[in-house]
Amino acid sequence: MKIDYKKLWLTVVQIRACKGFDFNDLIDKAEDDENKYIGAWANVLVKANTISEVVNILNDGLKELQFEVEFIDKISNMASLVEENEVSQEIISDADSLIDSDYKYVFCDELWPYV
């Protein structure tokens, strides 16, 4: 493995708007999309030393965007995912960018909103 991904974690989280915010106002969606979304599923890469730090970073970081975590479905270490070829090249590229940045997390792929 060329880059050390041990301090990166790929999470699958269910998010919703913080109280007082409309979820639709917080996300980009097509103008002709009239759905009234109440939340979404997202893949989020998190830079953290330990798995327990991941939860804190997710909660604090998403709160800055007026989102809150409703449910964490999965937290996987990127080093393991890369070693087992269980992650796409797009997510690896996102991981490489995150490593080189000062950011603590980044959304991967797209949001999967639901009504």
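The values are calculated or read from the model by the stated rules, or taken from the named source; none is laboratory data. In this text, all values refer to a predicted model and were calculated from it rather than measured experimentally. Note that each Cβ is placed from the backbone with ideal geometry, even for glycine, and that neighbours are counted across all protein chains shown. Accessible surface is based on the protein model in full, side chains and every heavy atom, while ligands, DNA and RNA are left aside. Shrake-Rupley method; radii C 1.70, N 1.55, O 1.52, S 1.80 Å.
General remarks:
- Residue-averaged [θ]222 nm for the chain, counting only DSSP H segments that reach four residues, each worth -39500 (n - 2.57): -8500 deg cm²/dmol
- Average accessible surface area per residue within the chain, 1.4 Å rolling probe, Å²: 64
- Accessible area of Val12 in the full protein assembly, 1.4 Å probe (Å², nearest 10): 40
- The computed Kirkwood radius over Cα pairs in Å for the structure shown corresponds, within (i) 16.2; (ii) 14.8; (iii) 18.3, to (ii).
- For segment 12-60, applying the loop criterion from DSSP together with a ceiling of 11 other beta carbons within 10 Å to the GluC sites (Glu not before Pro) yields Glu31, Glu34.
- Of Asp25, Asp94, Asp33, the one that fluctuates the most in a GNM where the chain has Cα springs shorter than 10 Å: Asp33
- Separation of segment 85-115 from segment 48-81 is 12 Å, based on Cα centroids.
- Atom-type composition of the exposed protein surface of the chain places 47 percent of the accessible area on carbon and sulfur (1.4 angstrom probe).
- Measuring spread by the Cα atoms of segment 1-58 yields a radius of gyration and Dmax of 15.4, 45 Å.
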